1. Identify the residue in region 146-178 that is out of contact with any strand residue (DSSP E or B) (no Cβ under 7 Å at 6 or more places or on another chain) and in a helix (DSSP H, G or I) and, among all such residues, is surrounded by the most Cβ atoms within 10 Å (Cβ to Cβ).
2. Is it true that residue 103 is modelled with pLDDT of 95 or more, assigned to a helix (DSSP H, G or I), within 27 Å of residue 221 (Cα to Cα) and touching a helix residue (DSSP H, G or I) at 6+ places or on another chain (Cβ under 8 Å)?
3. May I ask you to list the residues in region 44-81 that are closer than 24 Å to residue 97 by Cα and part of a loop (DSSP other than H, G, I, E, B)?
């Protein structure tokens, strides 16, 4: 049974790095608004097209299916969009502005990652025309948050102007503090709700979504995942 699915005043929740159908379905039942699959081969959460297709086909139409890409080109991304049924793409490295534009023209929700410690930096947000911006620290061995917490209040000023998804080091224990400091429209969590890389701990997922639902972020968040 969904815990907070019908609430419209909380930040939305994306659970990323899913590798199994049953875990993705369980996350949605607990209230996740978006499910992410990683197409970066070096990631311990990397999935094949078949895995991603099976996961996304098993979910309700109301859930946003997100593919995470690292420096892939337009044709590679669009092939996976069509094979796997993606509604959104998350560009998680140094992709060019033109790629964001080209993907937007395909009717996709395009999320561009920007980094506190890495490229592209927060200062370059104005160069992109993305649907939303995922903000995290970076600086680890792989693209992404690498489970590193950071000064979340850094994102607060950006969320006043642009749709912001907060990521990096989030867990059931700290997500409330992170929301209060950054005022995001959504949170994106992977390792913070895992038993091991690629396998979600449903108790952690439940506690995280409940914590989000109970947190007053001081404003009505934008709805990024439709």
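1. Looking at residues that are out of contact with any strand residue (DSSP E or B) (no Cβ under 7 Å at 6 or more places or on another chain) and in a helix (DSSP H, G or I), I get 159.
2. Values: modelled with pLDDT of 95 or more: yes; assigned to a helix (DSSP H, G or I): yes; within 27 Å of residue 221 (Cα to Cα): yes; touching a helix residue (DSSP H, G or I) at 6+ places or on another chain (Cβ under 8 Å): yes.
Taking the combined requirement at face value, the residue satisfies it.
3. Applying the first criterion (closer than 24 Å to residue 97 by Cα) to region 44-81 yields 64-81.
Correct list: 70, 71, 72, 73.
The values are calculated or read from the model by the stated rules, or taken from the named source; none is laboratory data. Note that the structure is predicted; figures quoted are calculated from it, not measured. All Cβ positions, even for glycine, are placed from backbone atoms using ideal geometry, and neighbour counts span all protein chains on display.
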